[in-house]
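Remarks on the structure that follows.
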Amino acid sequence: MTKDKNDVYILAIESSCDETAAAVVKNGRYVLSNVISSQIALHTLYGGVVPEIASRKHIENIDGVIDKALEDAGVTFDDIDAIGVTYGPGLVGALLVGLAEAKALAYALNKPLVGVHHIEGHICANYIQNVEFEPPYVALVVSGGHSHLLHVKDYGEYEILGRTRDDAAGEAYDKVARAIGMGYPGGPKIDKAAKNGNPHAVEFPRVFLEDDSYDFSFSGLKSAVLNHINKEKMMGHEINADDIAASFQKSVVEVLVGKTIKAAKEKGVSRVAMAGGVASNSALRDEMSAQCEKNGFFLNVPDPILCTDNAAMIGSAAYYEYVKGVRDGLDLNANPNLKLGER
């Protein structure tokens, strides 16, 4: 591959949870390769991610994943301008594997190191999906560990409007799926079951909190589902898992979409974006699309492969930090509780 002298190639590494991923991204928008080694089948045996096992698998997989990313992109280390890596938030052991690899490469190759916030990576997946998409906009970031509503003012400039106060949306999906016998991972399984269920079978609560709040709370909804299941069992009634899945999902989606549309109106933006694993949910995508169309907003949502954890999104985020002049030292450490906007 012939590289233009003005192009910036980022080799990106992501290992914050249970996907070992590497990608080569050009100019923050164009994905030359995106390799993901998933551990879902392994962790399904335990009903969720086991941090120690995840870390060990990252160690086993990371060199091969990076080699494959370079091969798929048709480049060598000589073509790479900088190493981008997730350094938080996430599972500390998993983060340390990717970070140690990135620092070793940066040192050995004498390349700049750029640490990336995982949530910022999810947001930047929108720039890969749509190369014309740009700030300002309102972004809903929903995953297994995070539920954030943000006003993206510019590249790397975020106003946090709301965040989860307890269970993140994806976490609630996993817990409800376990309660109704669907197992792990809960999000895709509830989404599939809900298509066969009646979303009005059970009127679960919609938790909007205070009138002026953009925060999220799904703990009460999760408890309402568990209480309903226990009550039905005590009364000897048969549990209809599809109906519960559909009713639970409808409650979650109404809150997520309602707060996002309200925020977009308040901030006076014309664009809305979604990101994170839960952004793959078909009901959420359909309802957000319908409400954006109704209110005259442009909606941008990455393809499902870019919603779940991947390194291409980290490469995009690293590019925008790199062109701003951000360089991290070899003393950069993993931060499992890293807040958006911190460095």
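The values are calculated or read from the model by the stated rules, or taken from the named source; none is laboratory data. What you are looking at is a predicted structure, and each value in this text was computed from that prediction instead of being measured. All Cβ positions, even for glycine, are placed from backbone atoms using ideal geometry, and neighbour counts span all protein chains on display.
What the table shows:
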| read-out | value |
| --- | --- |
| Pairs with Cβ under 9 Å, 6+ apart, first in region 272-298 and free of Cβ contacts under 8 Å to residues at least 12 places away in the same chain, second surrounded by 24 or more Cβ atoms within 10 Å (Cβ to Cβ) and assigned to a strand (DSSP E or B) | none |
| Residue check for Ala69: in contact (Cβ under 8 Å) with a residue 60 or more places away in the chain and either surrounded by fewer than 18 Cβ atoms within 10 Å (Cβ to Cβ) or assigned to a helix (DSSP H, G or I) (or both) | yes |
| Out of Gly156, Gly186, sole residue that is crowded, with 24+ Cβ neighbours inside 10 Å, of a type outside the set (A, V, I, L, M), at pLDDT below 95 and touching a Lys or Arg at 6+ places or on another chain (Cβ under 9 Å) | Gly186 |
| Residue among Leu299, Leu256 that is of a type outside the set (Phe, Trp, Tyr) and more than 30 Å from Asp7 (Cα to Cα) | Leu256 |
| Filtered residues of region 309-343 (kept if of a type in the set (S, T, N, Q) and more than 22 Å from Asn110 (Cβ to Cβ)) | Asn310, Ser316, Asn335, Asn337 |
| Yes/no for Asn310 being of a type outside the set (Asp, Glu), out of contact with any Pro (no Cβ under 9 Å at 6 or more places or on another chain) and not in a helix (DSSP H, G or I) | yes |
| Options Gly170, Gly258: the member that is modelled with pLDDT under 90 and in the same structural domain as Asn281 (by TED's automatic domain parsing) | Gly170 |
| Listing of strands (runs of 3 or more DSSP E) fully contained in region 4-44 that carry 1 or more residues being in contact with a Gly (Cβ under 6 Å, 6 or more places away or on another chain) and touching a residue at least 12 places away in the same chain (Cβ under 8 Å) | 9-14, 19-26 |
| Hits in region 258-269 - residues which are loosely packed, with under 14 Cβ neighbours inside 10 Å and at negative phi | Lys265, Glu266 |
| Candidates Phe208, Phe218 - the one that is assigned by TED's automatic domain parsing to the domain that holds Glu159, hydrophobic (A, V, I, L, M, F, W, C), modelled with pLDDT under 95 and more than 15 Å from Ala168 (Cβ to Cβ) | Phe208 |
